[in-house]
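Note sheet for the following structure.
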Amino acid sequence: SDYEQLGYNLRSNLWQGGPLKIRTVTEESYTPDVFQKGGIDPRHWHGRTINELGRWYEKYFLDLNTAKAMKEKYG
């Protein structure tokens with residue numbers, strides 16, 4: 001019967017179970033060199049360095065704060 005067949009499979013350990021090391025679909029889909037090449041350089045982001053972005057944001061927020069102060073003072 002099906003029950004006896006199931007018991008036989010469990011006793012003889014035909015089903016080895018899941019893998020010992022679990023890997024994600026991304027890890028299984030790509031070779032290791034893809035992950036090595038795909039590292040992000042924190043100092044260089046989309047052609048701009050962090051210092052350039054910092055200076056741009058400083059100017060941007062200074063402009064916003066100046067515009068807000070002018071609006072409050074002069075209406």
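The values are calculated or read from the model by the stated rules, or taken from the named source; none is laboratory data. Owing to the predicted nature of the structure, the values given are computational and were not obtained by experimental measurement. Positions of Cβ are generated from backbone atoms using ideal geometry, with glycine treated the same way; all protein chains shown enter the neighbour counts. The area values use the complete protein model at the heavy-atom level, side chains included, leaving out ligands, DNA and RNA. Shrake-Rupley method; radii C 1.70, N 1.55, O 1.52, S 1.80 Å.
Per-residue surface analysis assigns Arg55 an accessible area of about 130 Å², computed on protein heavy atoms at 1.4 Å probe radius. Any chance you could run the full-extension gain for Glu28 through Ala69? It's 0.36 nm times the residue separation minus the Cα-Cα distance, nm to one decimal. Residue separation times 0.36 nm, minus the Cα-Cα distance, leaves 9.2 nm.
The alpha-carbon of Lys59 sits under 17 angstrom from the alpha-carbons of these lysines, leaving out residues fewer than 8 places away in its chain: Lys68.
The label-point distance for Leu53 and Lys21, in a model that sets each label 7 Å from Cα toward Cβ, rounds to 3.3 nm.
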